[in-house]
Amino acid sequence: MGKLMGFLEYDRNTRPEIPPEKRIGSFEEFHLRLDEDECVKQAARCMDCGIPFCQSGVKYGSVFSGCPLHNLIPEYNDEIYNGNWKQAAERLLKTNNFPEFTGRVCPALCENACVCCLNGQPVTTHDNEYAIIEKAFEEGMIYPEPPSSRSGKRVAVIGSGPAGLAAADTLNKRGHSITVYEKADLPGGLLMYGIPNMKLDKSVIRRRVELMHAEGVEFVLNTDAGKDIPAEELENNYDAVILCCGSRKPRDVDVAGRDAGGICFAVDYLTEATKHLFEKTDEPELSARDKNVVVVGGGDTGNDCVATAIRQGCSSIVQLDRNPKAPEELSVSSWPLKANVYNLGYGQEEAKAVFGEDPRMFASTVKDIIKDENGNVKEITTVTIKKSVDENGKRIITEIAGTEKNIPCDMLILAAGFAGCEDYVTESFNVQRTRSGNIKTEAEDAYVTCRTNIFAAGDARRGPSLVVWAIAEGRACAKEVDNYLMEYSNL
């Protein structure tokens, strides 16, 4: 603890943002930097709380509290306060391979568990993490450090999302020879094509990939493992294979009119938007310009679609959220868990700035899709739903009769989540699946599949989740693979 009573002396002050009405004209990152003096003050708010719930990472039933990576948060805050930025970076990188990703897109489970929440506002842990890593890059504290020797073991990592990159980076530092196979034209997985540029500038991904390449990690692009290269060939050429290919099968809607034109999945829409930035063409193939857009799905991906559609110049935007509207404030404390209160995501803030209201229709879903004379969507029918649980604990969704409503729609974006790993991946590598469609491993906390040389991590194993969880899974899987290869592990 650097400053006694700092949490009483200083108020919480987060990174400034470009106002919604100004930032919608650009796909550039809209979070700005705090000056160094203010960063020091924010780090000084980290109190000597005895038990750092922020870094503990504890599961309460089905809900997780604190940092899944167990970042050494009080330690690096103390180093910031004392001006020891290099030491702060060392403490941060000890547990997190990619703070430049989590410092931008993580929902900060650590802040929900901050003890300061009990009587005020949490420490700006998320922003402090961002400040450390960016200063470290700018001042040359981070540079290629290839391993001094190689183990002679070769590992293929399938997928270059955060889980694949974390597994590759960790095993490469251990001295194993790593090749990452990515089916897209650029590495990064959903970091590259699933998260919009205004949240995560793609130069940040390139910077990290170039560093990993300089340290000896090989990247093979435009190669779909299980299709372009047989699974048998990979198994013959490598001592172990790690499947980090994500949960890429999008959930569809089974309603009348689904075959209409003008309907797309969120991942395809966001991919086209990002590629458009690279190619600098006049218009992406999937564009919301001058269209009445409806997004099905109230999560982060749906929010990203809202923000992207606004930047493309949509005529209107509606977001269907299956969950009921959260209360404006809590009657009792939810600490150390995330508070379920009504708030606006960045895309919804922008929609309100442009169209005057929150774009979400809560407790609603699409019931029918109405086509025009050319077979394209022109309107959808929505319906209010109610969620309940039967006597066996099974969740039931009931449509409320008489709540149907027709709204104009020229473009329908499906952001209702994902339903597991692609079928051909599990079939080609001959691994089992769970009931939810994910790759099955030997135990909840294990990463080896039914095949002793095939491992899985990230969304492919646990289902759609957060970037911070993907990194944590990649690191944990790397340790298990290292133990398999060497019969012990010092990771």
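Observations
- Yes/no for Ser26 being of a type in the set (S, T, N, Q) and free of Cβ contacts under 8 Å to residues at least 60 places away in the same chain: no
- When Ala184, Ala163, Ala136, Ala167 are screened for being touching a strand residue (DSSP E or B) at 6+ places or on another chain (Cβ under 7 Å) and modelled with pLDDT of 95 or more, only Ala167 passes.
- Taking the criterion of being acidic (Asp, Glu) and open to solvent by less than 70 Å² (accessible area, probe 1.4 Å), the residues of segment 1-48 that qualify are Glu29, Glu38.
- Subset of segment 343-383 [open to solvent by 10 Å² or more (accessible area, probe 1.4 Å), among the small types (Gly, Ala, Ser) and closer than 19 Å to Ile24 by Cβ]: Gly345, Ala353, Gly356
- Options Arg174, Arg206: the member that is open to solvent by 30 Å² or more (accessible area, probe 1.4 Å) and out of contact with any helix residue (DSSP H, G or I) (no Cβ under 6 Å at 6 or more places or on another chain): Arg206
- Being of a type in the set (A, V, I, L, M, F, W, C) and out of contact with any Phe, Trp or Tyr (no Cβ under 9 Å at 6 or more places or on another chain) is a property that holds for Ile178.
- Candidates Glu444, Glu422, Glu487, filtered to the one that is at pLDDT 95 or above, out of contact with any strand residue (DSSP E or B) (no Cβ under 9 Å at 6 or more places or on another chain) and surrounded by fewer than 21 Cβ atoms within 10 Å (Cβ to Cβ): Glu487
- The helices (runs of 4 or more DSSP H) found wholly in segment 418-491 and carrying at least 3 residues that are over 18 Å from Gly159 (Cα atoms) occupy 467-486.
- Pairing residues of segment 90-113 that are without any contact (Cβ under 8 Å) to a residue 24 or more places away in the chain and of a type in the set (Lys, Arg) with residues that are open to solvent by 10 Å² or more (accessible area, probe 1.4 Å) and not in a loop (DSSP other than H, G, I, E, B), at Cβ distances under 7 Å and at least 6 apart in sequence or on separate chains, gives Arg91/Glu75; Arg91/Glu79.
- Only one entry of Leu191, Leu165 meets the criterion of being open to solvent by less than 20 Å² (accessible area, probe 1.4 Å), within 25 Å of Ser428 (Cα to Cα) and not in a strand (DSSP E or B), and that entry is Leu165.
- Those residues of segment 49-90 which are touching a strand residue (DSSP E or B) at 6+ places or on another chain (Cβ under 9 Å), part of a helix (DSSP H, G or I) and surrounded by fewer than 19 Cβ atoms within 10 Å (Cβ to Cβ), in sequence order: Ser56
- Positions within segment 116-125 being part of a helix (DSSP H, G or I) and open to solvent by 30 Å² or more (accessible area, probe 1.4 Å), in sequence order: Cys117, Leu118
The values are calculated or read from the model by the stated rules, or taken from the named source; none is laboratory data. Quick caveat, the model's predicted, so the values are computed rather than measured. Neighbour counts are summed over all protein chains in view; Cβ atoms, including those assigned to glycine, are modelled from backbone coordinates with ideal geometry. Areas reflect the complete protein model, heavy atoms only, side chains present, ligands, DNA and RNA absent. Shrake-Rupley method; radii C 1.70, N 1.55, O 1.52, S 1.80 Å.
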